[in-house]
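Colleague: Pasting a structure here, questions to come.
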Amino acid sequence: MEPARKRGALAGSSEPGLTGPDDLVKEISIDVEFEGRSPEIIDYHCIRQLLQQLFLKAPVNLSDMASVLIHQPNIGSVIKQVSDEDDEEDDEDDDKDDYIDDDVDQVFGITSVINITEKTSECVGNLQKLMFDLSNQHSDSETTLFVNQLLSDDEKQVGLLINERYVNIPPAISVPLFQALRKEMFKLKSKKQSYNFDYLIMICKLYKVKNDKKGNKSLENSEIIWSNGEEEFFDEAADYKFEFCVQSDKGSGLAGNWVESDPEMIPFRRVLIFSMEKFCSITNQLESLLADNGVGQYKHEG
C-alpha cells in the first residue's frame, strides 16, 4: 500500500493565562505527523471506540465489527501519529505538550469497508437489519423501496463505507485514505466477488444549529456542520439519502469548550447511498478540491 503522511493542525484549545473575553477560547495549530497503516489486533479497542461514537446506541455488535475490520485481507487503513524520536530530543517542550498523545499506538481514525450483503458474521446481520429499520422509519417511500430491494438482492454487493475519526483532524487526510481504499477494492474484486461492490452506504455525522430567534425552535433551513467535512461532497452526489436525530443518545455532542452564548447543536446521522462509480468520481473530486491542504505530505504504510 502506498504511504500517506500529513502534517497539520490537530486540535484547537483554550490557552491558559489569557485575559479578556476575546481570549476566552483561542484556537492554536500544532504540528502533528500522521500516517495511514493497515489495521492490527493491537488497534482493536481504539477501533471499537471510534465505532461507538458513530453508532452510539444502535443495536450493532461493535466488538465483532472491530474484529471484522481488522481481519479483512489487505483492505482499510487506520490513522496513527508518526513517532519521531529525533524531533522529541530536539524539542524538550514536546514532552510537555498535553495535546499530543504519547502512545504511538493510538488510533485517530479508520477508513474501510464491510460487505453487508453476505451475512458472514453477527455484525453484518446487525448492520443489514439496522439499514432496513432506519430506512423504514426515516426515509421517504422511494428510498425505503430502494433500500429494501437493494439489501434483499443477493446478486448486488453492498458495502458499508466506514470513514470515522476524531474531530479537528483536517478533511484532507481523507484523500489518500480513500485513494488507498479504492485501489485495495480494485485489487480484491478480481479475487473475491464480495469486494466487487455495486453500491456503498455511508453513515455521516452532522450537527444542525438550532435557531431560537423570535422563539422559532425549528431546525428547518438550519445551518449544517459536518463532523467530517469531505462527506458533504458525497452527500451532493448521493443517489438516495435520509437522516435522523440522535440527540437522545448519550455522548453524541461535539468535543470542545462551550459557553452559554453558543447556539445549540443538534446531532444527526445522515445515511448516504451511492454507486461504486460515483465513489470513484467523488474521490477524484476530493483530490482536486483538497489538494491545496498539504495532501502530498501524507504517507500510507502497509
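Colleague: Which members of region 98-124 meet the condition of being open to solvent by less than 40 Å² (accessible area, probe 1.4 Å) and at pLDDT below 85?
Modeller: Scanning region 98-124 gives a single hit, Ile100.
Colleague: Can I ask one more? Does region 214-230 hold any residues that are at pLDDT 70 or above and either touching an Asp or Glu at 6+ places or on another chain (Cβ under 7 Å) or assigned to a loop (DSSP other than H, G, I, E, B) (or both), and which are they?
Modeller: Leu219, Glu220, Asn221, Ser222, Glu223, Trp226, Ser227, Asn228, Gly229, Glu230
Colleague: Output the residues belonging to region 168-197 that are open to solvent by less than 50 Å² (accessible area, probe 1.4 Å) and not in a helix (DSSP H, G or I).
Modeller: Ile169, Pro170, Phe197
Colleague: Now, a different point. Examine region 198-213 for a residue that is without any contact (Cβ under 8 Å) to a residue 40 or more places away in the chain, over 18 Å from the mean Cα position of the chain (by Cα) and either within 20 Å of Phe55 (Cβ to Cβ) or not in a loop (DSSP other than H, G, I, E, B) (or both), and state whether such a residue exists. Break it down into steps so the answer makes sense when it comes.
Modeller: Within region 198-213, the subset without any contact (Cβ under 8 Å) to a residue 40 or more places away in the chain is 213.
From what is left, the residues that are over 18 Å from the mean Cα position of the chain (by Cα) are 213.
From what's left, either within 20 Å of Phe55 (Cβ to Cβ) or not in a loop (DSSP other than H, G, I, E, B) (or both): 213.
Yes, some residue in region 198-213 is without any contact (Cβ under 8 Å) to a residue 40 or more places away in the chain, over 18 Å from the mean Cα position of the chain (by Cα) and either within 20 Å of Phe55 (Cβ to Cβ) or not in a loop (DSSP other than H, G, I, E, B) (or both).
Colleague: Still on this model: Looking at (1) touching a Ser or Thr at 6+ places or on another chain (Cβ under 8 Å); (2) over 20 Å from Cys46 (Cα atoms); (3) assigned to a helix (DSSP H, G or I); (4) touching a residue at least 12 places away in the same chain (Cβ under 8 Å), which one does Lys156 not meet, given that it meets all the others?
Modeller: (3)
Colleague: Do you know which of the residues in region 23-53 that are among the hydrophobic types (A, V, I, L, M, F, W, C) and open to solvent by less than 10 Å² (accessible area, probe 1.4 Å) is modelled with the lowest pLDDT?
Modeller: Within region 23-53, the subset among the hydrophobic types (A, V, I, L, M, F, W, C) is 24-25, 28, 30, 32, 34, 41-42, 46-47, 50-51.
Pick out the ones that are also open to solvent by less than 10 Å² (accessible area, probe 1.4 Å) and you get 32, 34, 47, 50-51.
Working: Val32: 74, Phe34: 87, Ile47: 97, Leu50: 97, Leu51: 98.
Going through the qualifying residues, I end up with Val32.
Colleague: Quick one: in region 56-96, of everything that is on the phi < 0 side of the Ramachandran plot, open to solvent by 40 Å² or more (accessible area, probe 1.4 Å) and assigned to a loop (DSSP other than H, G, I, E, B), which residue is modelled with the lowest pLDDT?
Modeller: That would be Asp91.
Colleague: Please work out if Leu127 is at pLDDT 95 or above, under 24 Å from Asp64 (Cα atoms) and either in a helix (DSSP H, G or I) or open to solvent by 70 Å² or more (accessible area, probe 1.4 Å) (or both).
Modeller: When the stated conditions are applied, Leu127 passes them.
Colleague: Same structure again: Please specify each residue of region 134-167 satisfying the condition of being within 15 Å of the chain's Cα centre (by Cα), surrounded by fewer than 20 Cβ atoms within 10 Å (Cβ to Cβ) and among the β-branched types (Val, Ile, Thr).
Modeller: Scanning region 134-167 gives a single hit, Val167.
The values are calculated or read from the model by the stated rules, or taken from the named source; none is laboratory data. All values reported here derive from a predicted model rather than from experimental measurement. Here Cβ is always computed from backbone atoms with ideal geometry, including for glycine, and neighbour counts include all displayed protein chains. What goes into the accessible areas is simple: the full protein's heavy atoms, side chains included, and nothing from ligands, DNA or RNA. Shrake-Rupley method; radii C 1.70, N 1.55, O 1.52, S 1.80 Å.
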